[in-house]
Amino acid sequence: MSDNGQIARDAQDRPLPNPEHPVVGYARRYPDGHDTERHDHAHAQLLYALSGLMRVETALGVWVVPPQRAVWIPAGMAHQVTMVGEVQMRSLYVLEGLEGLPGACQVISVSALLRELIAAFSTASLDFGPHGPEARLAAVILDQLRAPVLATLHLPIPRAARLRPIADAILADPADPRGLTDWARVAGASARTLARLFEAETGMGFRAWRQQVRLHAALARLSAGEAVTSVAFAVGYDSPSAFIAMFRKALGTSPRAYLSQEGGLPPGALGA
């Protein structure tokens, strides 16, 4: 780092944080379907979308990140981000080694305060002084990130050879109704063995894992503008009311309320 505090740039000309500037932000817009390919960063990253939905994949699983949520990615963690819909991304790089920050990849809820902080900081000057308003914003952002409110949007991907065909089939078609008894004949293992493997590999039972797959698929479809009723049937629910009950239990609100906040729901998605 130079004496005048100039922020270093990486190979992609993105700003990097340093001790004088522990948080650096930027704003980007990506088209639907854009894929960053697998990469990592020397510093931690907070990804947030003002609109659109991001699908973040690591070796540990998949995180889906709709509006009102952000994903924390630790330094050095290889990840790949796929955009669903046009995404107005706001990203913060955070200096590696700061105390009290999350150590694992996770989706966090974004409060109104944190949302405004991210929005303001993503366009802030990159050459701020240690006592200026940008420095104070950075300090508040770090305080917010040291006590994050977690969101249940992680989908661990099983790696066991007997589970991968099952997982791949359900990821390709979340509405697949087969239970473990049916899959036992495909996998060549008992339903009890498969249940034990799912618990060991993902930390959840088969039904809970499949429900998480359906939730991920539903969020992507809703963000793309599909109506709640068609989404409910597409991801395997017998009725919209059953789907809405699952959604409310998982995320604390209805699909309508969840994705319509801050313009997160595209026109048409509230239709019957």
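Where a number appears in this text, it was derived from the coordinates with a stated rule and is not lab data. What you are looking at is a predicted structure, and each value in this text was computed from that prediction instead of being measured. With ideal geometry, Cβ positions are generated from the backbone for all residues, glycine too; neighbour counts draw on all protein chains shown.
Structural remarks
- Protection proxy ranking of 234-240, 63-69, by the mean of other Cβ atoms within 10 Å over each peptide's residues and highest first, is 63-69, 234-240.
- Relative contact order of the chain, pairs being alpha-carbon contacts under 8 Å that are 6 or more residues apart, as %: 17 percent
- Each Lys or Arg adds one and each Asp or Glu subtracts one; over the other residues with Cβ under 13 Å from the Cβ of Val64, this totals +3.
- The helix-based estimate of mean residue ellipticity at 222 nm for the chain, built from -39,500 (n - 2.57) per DSSP H run of four or more residues and divided by its residue count, is -10500 deg cm²/dmol to the nearest 500.
- DSSP loop GluC sites (Glu not before Pro) with at most 10 other Cβ within 10 Å: longest gap in the chain: 100-272
- About the Cα centre, charge dipole magnitude for segment 23-145 (Lys/Arg +1, Asp/Glu -1 at Cβ), debye: 240 debye
- The modelled label-to-label distance between Ala224 and Arg196, using points 7 Å beyond Cα along the C-beta direction, is 3.9 nm.
- In segment 23-145, a dipole from Cβ-located charges (positive for Lys and Arg, negative for Asp and Glu) runs towards its positive end, and of Leu95, Pro133, Val23 it is Pro133 whose Cα lies farthest in that direction.
- Normalised by 2.2 N^0.38 Å, where N is the number of residues, the alpha-carbon radius of gyration of the chain equals 1.09.
- Spacing of the two label points (7 Å from each Cα toward its C-beta) at Val186 and Ala139, in nm: 5.6 nm
- Calculated SAXS-style log₁₀ I(q)/I(0) at q = 0.13 Å⁻¹ - segment 54-127, Debye, Cα scatterers: -0.42
- Pair-distance profile P(r), taking every C-alpha pair of segment 158-263, with 10 angstrom steps and integer %: 15, 44, 27, 13, 1
- In the chain, taking the dipole from charged Cβ atoms about the Cα centre, the farthest positive-side position among Ile244, Ala147, Ala220 is held by Ile244.
- Entry note, segment 23-145: relative contact order of 32 percent, from Cα contacts under 8 Å with a spacing of 6+ residues.
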